Amino acid sequence: MESEASEIHSEAVSMKNVDTENKLDDGRKKENSSKETQISVKEEKPGFARLKSEFVLVNHKPELDTEYLSKETKEQLEQGQKRKSEGSDDRKGKKKMKVKGRNKQRPVTHIKSKDKLCPTIFQERECSFGERCKFSHDIKEFMQNKPPDIGPECFMFETYGKCPYGLACRYGSKHISEDHKNIVNKELYEEKSKVKTVLNVLSKDLQVTLWKKRYNFDKANAVVKQVQKMAQEKLDTFSKKSAAKQETKDSQEESVAEVNPESTVINGTDTGISEETEGVIKLRPQETKKIDFSSKNYLAPLTTVGNLPFRRICKAYGADITCSEMAMSLNLLQGQASEWALLKRHESEDLFGVQICGGWADTLTKCSQLINENVELDFLDLNCGCPIDLVYKKGEGCALIGRLNKFEQIIRGMRSVLDVPLTVKMRTGIFDNKNIAHTVIPRLRDWGVSMVTLHGRSREQRYTRLADWEYIDRCAEAGKPMPVFGNGDILSYEDLDYHLKNTQVTGCMVARGALIKPWIFTELKEKRHWDISSSERFDMLKRFVNNGLEHWGSDTQGVETTRRFLLEWQSFLYRYIPVGVLEQLPQKINERPPYYVGRNDLETLMSSPNCGDWVRLSEMLLGPVPEGFSFLPKHKANAYK
């Protein structure tokens, strides 16, 4: 950012003559008493947003905050400094080392069990572990060592009449008595207890059944057996046709290739479906309810940051469709509590889906049956777009669109055990410049998928270029009459209107745009640019924190979990450029601003790309960070200030 900012400055100044420069310098001295020099950036520089002159900082020189660097990165910098001092730096040009790239294997701070009060104490039940319990049972010692309260009011106590975290609550001054008892507002608690605010909570009985592998999957097993039989008969038919083709002349083979230029060959196997094999065995899916997806704004399922507290924020701003974070099918079948927690649904989510990921027909069919019978949802979404190596190399996520025979077995199996619609989220392809979605989507329609969401990028491309909406349009046409949603780079109502008018998509999904500014859903509905104030944005963060304390807990662990997810979200929120600061509307998702100041101190703090400022913002909401606190941002560049 340092070199980019200086380039903007030098190019701007080169357009002026000496007299103009002097006038500008005089004007700056009179108008700006701060140490930073401000200048209007009139040139259109690719990749940079145009801001009003009074907010742009040109002479800002970013400094590296080593507190937010990984140990590995610090060692690399030290080695670079050592080589430089010894004169052994053989890098070309010998430019200053820049910290860039992503921090991998980021640490997560955990609280020791012995420092936590046993949950049975504030749940007012007997501990079944007795002396073997790894948690503390000494209430007096716990209360003496407990950190001071963060605030005077407990959101859970004020809202529901009872705080489920009792003595461990970090806001417990009003509901913890002098003799260390948890006070309950019985009238309010009884009233609120009548309505369930959070659904899809994993019961202990179901978890134990899954642990012991005693769940009845007879239905799924029968379907998988039938699907595999269908696949084998299809393969036998294909083998016979292949043998017959070998006896034909080369000219006939060429003519066949010309007739079907769109056929996709993956790993030497033709994935096209002939009329003969299509009718070999037809599974009869049970009746499914219908959902009208048209004209609805869809909040994308977002790993890590798309948690329930965040979805509640988006629902309040007008999101129509919400979906859970991606859950791994095998982990759900094993009864992992952390994975089942991803499936929780808030009462405000009136059109809600669950997204799962997997790579095998038997696992996904069983998981679909399990979810269908135990989870309250409106649709089930299969992730075929996850690009990360950990998922892709196991044949899951993006890999499925390159394994069409296996993909068909998965879809037909899942469809046959569901009584809710099955949807698919996918990318344009696996490899850059080799789009295959237009050949896959018609097959998904024929296999029984109710709706497809297409992200207009390939796995290899990631976010290096803008989403290909022309190709999304082509795929939407190929998928008719099945609804196809487009996804990619929507950050304003103009973006949405343009894509709805110029493509054949049924609707649009919003992902990064919702993370950068969740109020985008209000803008989409009201068709306006909302110049939201910093105080309104801060109130939004307060609501997120309250949602987080309700979801993750108001004890020390819950507070720090809420803080961590707030910081993860802030890595997107800071990218928002206030409407009143922009010189040209609307903001584009691929444009970043030069260094700038906001219209007040809070707006400036919220726009900071430095991770340290995010931590300070979290301390305004959740109190001081604990001793030994550490947070590594996803991108190393966020260590600059």
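The values are calculated or read from the model by the stated rules, or taken from the named source; none is laboratory data. Predicted, not measured: the structure shown is a model, and the values here were computed from it. No Cβ is skipped: glycine too gets one built from the backbone with ideal geometry, and neighbour counts run over all protein chains shown.
The set of residues in segment 419-449 that are out of contact with any strand residue (DSSP E or B) (no Cβ under 6 Å at 6 or more places or on another chain) and assigned to a loop (DSSP other than H, G, I, E, B) comprises D419, T428, G429, I430, F431, D432, N433, K434, N435, I436, G448. Residue count for segment 382-406 satisfying the condition of being in a helix (DSSP H, G or I), on the phi < 0 side of the Ramachandran plot and either in contact (Cβ under 8 Å) with a residue 24 or more places away in the chain or not assigned by TED's automatic domain parsing to the domain that holds S368 (or both): 10.
Per-residue answers, yes or no, for (1) farther than 11 Å from V420 by Cβ; (2) not charged (D, E, K, R):
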site	(1), (2)
W360	yes, yes
N372	no, yes
D378	no, no
D389	yes, no
G395	yes, yes
K406	yes, no
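Would you mind stating whether L330 is over 20 Å from the mean Cα position of the chain (by Cα), of a type in the set (A, V, I, L, M) and assigned by TED's automatic domain parsing to the domain that holds D292? Please lay out each step first, then the result.
Working: over 20 Å from the mean Cα position of the chain (by Cα): yes; of a type in the set (A, V, I, L, M): yes; assigned by TED's automatic domain parsing to the domain that holds D292: yes.
Taking the combined requirement at face value, the residue satisfies it.
Looking only at segment 340-353, decide whether some residue is over 22 Å from M426 (Cβ atoms) and part of a helix (DSSP H, G or I).
From segment 340-353, those over 22 Å from M426 (Cβ atoms) are 340-341, 344-350; that's our starting set.
With the extra rule that they be part of a helix (DSSP H, G or I), the set shrinks to 340-341.
For segment 340-353, residues over 22 Å from M426 (Cβ atoms) and part of a helix (DSSP H, G or I): present.
Being surrounded by 13 or more Cβ atoms within 10 Å (Cβ to Cβ), among the acidic types (D, E) and at pLDDT 65 or above narrows it down to one residue among E158, E131; which is it? The conditions single out E158.
Residue-by-condition table, conditions (1) farther than 30 Å from I371 by Cα; (2) touching a residue at least 24 places away in the same chain (Cβ under 8 Å):
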| residue | (1), (2) |
| --- | --- |
| E158 | yes, no |
| Y165 | no, yes |
| D179 | yes, no |
| E187 | yes, yes |
| K192 | no, yes |
| K196 | no, yes |
| V201 | no, yes |
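Please verify whether segment 449-464 includes one or more residues that are β-branched (V, I, T), in contact (Cβ under 8 Å) with a residue 40 or more places away in the chain and either surrounded by 21 or more Cβ atoms within 10 Å (Cβ to Cβ) or assigned by TED's automatic domain parsing to the domain that holds G306 (or both).
As a first pass, look at segment 449-464 and keep what is β-branched (V, I, T): 449, 452-453, 464.
Right, trim to in contact (Cβ under 8 Å) with a residue 40 or more places away in the chain and you get 453.
So of that shortlist, the ones also either surrounded by 21 or more Cβ atoms within 10 Å (Cβ to Cβ) or assigned by TED's automatic domain parsing to the domain that holds G306 (or both) come out as 453.
Scanning segment 449-464 turns up at least one residue that is β-branched (V, I, T), in contact (Cβ under 8 Å) with a residue 40 or more places away in the chain and either surrounded by 21 or more Cβ atoms within 10 Å (Cβ to Cβ) or assigned by TED's automatic domain parsing to the domain that holds G306 (or both).
Any chance segment 436-443 includes a residue that's on the phi > 0 side of the Ramachandran plot and either at pLDDT below 95 or basic (K, R) (or both)? Among the residues of segment 436-443, not one is on the phi > 0 side of the Ramachandran plot and either at pLDDT below 95 or basic (K, R) (or both), which makes the answer no. The single condition among (1) surrounded by fewer than 18 Cβ atoms within 10 Å (Cβ to Cβ); (2) among the hydroxyl-bearing types (S, T, Y); (3) at pLDDT 95 or above that S368 does not meet is (1).
How many of the residues making up segment 212-224 are assigned to a helix (DSSP H, G or I) and surrounded by 12 or more Cβ atoms within 10 Å (Cβ to Cβ)?
Kept after step one, since they are assigned to a helix (DSSP H, G or I), are these residues of segment 212-224: 218-224.
If we keep only those that are surrounded by 12 or more Cβ atoms within 10 Å (Cβ to Cβ) as well, we get 219-224.
Number of matching residues: 6.
For segment 291-321, taking the residues that are touching a helix residue (DSSP H, G or I) at 6+ places or on another chain (Cβ under 7 Å) and in a helix (DSSP H, G or I), the one that is surrounded by the most Cβ atoms within 10 Å (Cβ to Cβ) is identified as F310.
Residues L605, L573, L632: which one is within 16 Å of V305 (Cβ to Cβ) and at pLDDT 95 or above? So that I can check it myself, show each step before the final result.
Numbers: L605 fails: within 16 Å of V305 (Cβ to Cβ); L632 fails: at pLDDT 95 or above.
Step by step, each of L605, L573, L632 is checked, and only L573 is within 16 Å of V305 (Cβ to Cβ) and at pLDDT 95 or above.
Once segment 419-440 is narrowed to residues that are within 24 Å of G353 (Cα to Cα) and of a type in the set (S, T, N, Q), the residue that is surrounded by the fewest Cβ atoms within 10 Å (Cβ to Cβ) is T423.
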